[in-house]
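Computed from the coordinates by the stated procedures, all read-outs in this text should not be read as laboratory data. What you are looking at is a predicted structure, and each value in this text was computed from that prediction instead of being measured. FYI the Cβ positions are ideal-geometry reconstructions off the backbone, even for glycines, and counts take in every protein chain you see.
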Amino acid sequence: MNEIETFKPTGLNKRLKEMEEKLEQYEKYFEGEETPKQSGWDKFLGKKSMKKEFKLPRKVTTGKRRKLKQNYAIVLYIFSNGYADFFFEPIIDDKIYIRQTDKYHAATSEYVIRHKEFPMIIQPEWSLVPFSPREHSIETTEKGEVSFPQRFLIRVMKEAQLGKPKGFGGKTLLWIIIGAIVVLYLITQVITGGGTP
């Protein structure tokens with residue numbers, strides 16, 4: 001009995017066990033249940049294929065603690081030519097001043113979002129007011145373009161598709177009967193000589 005308890009897989013058994021573990025981690029990672037670090041899949045993907053975390057540009061993060069205390073916010077400024085850049089600008093009297101374009105823009109609390117511990121504003125150059133997540137969510141809900149139920153619906157559809165046993169359905173059986181009738185008709189035409197007088 002002790003031999004069975006102390007038995008450790010070697011050779012082919014060991015490789016099969018490792019492959020099964022990798023496959024389980026792979027499934028958890030790609031089904032979205034776990035992050036690469038949680039599933040242990042990051043060890044197998046390697047450093048090159050791992051997704052890097054977004055980091056703010058150096059000019060924005062320099063002196064960030066001091067600026068954070070002085071009512072500064074990160075501004076993602078979208079220029080009219082499609083170029084975007086980050087700035088660290090102070091919010092003074094519910095407005096921000098962008099030196100590069102020499103313009104003032106509104107910066108009330110309803111337009112401020114958070115990036116980690118920092119307040120952030122997404123400001124298009126052509127608009128007086130910044131991007132508002134609340135207004136945008138209302139617009140997308142009214143248009144019917146929300147993405148909240150997508151992941152849930154995809155899982156339900158997969159479960160429904162996998163849960164049904166595959167067999168002969170009504171359409172498949174109908175096509176088999178029609179095919180058999182056509183084959184029988186062709187055989188009778190060949191045997192009887194085509195049915196021409």
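Ordering Met120, Met157 from the fewest to the most neighbouring beta carbons within 10 Å gives Met157, Met120. What do you get for trypsin sites (Lys or Arg not before Pro) in the range 104-135 restricted to DSSP loop and a cutoff of at most 16 other Cβ within 10 Å of the site's Cβ? Here the sparse-neighbourhood loop sites are Lys116. Taking other Cβ atoms within 10 Å as a rough exposure proxy, Lys55, Lys103 sort from fewest to most as Lys55, Lys103.
Loop only per DSSP, at most 15 neighbouring Cβ atoms within 10 Å: give me the GluC sites (Glu not before Pro) in the range 96-161, ordered by residue number.
Numbers: sites: Glu110, Glu117, Glu125, Glu135, Glu139, Glu142, Glu145, Glu159; in loops: Glu117, Glu125, Glu145.
Qualifying residues, ordered by number: Glu117, Glu145.
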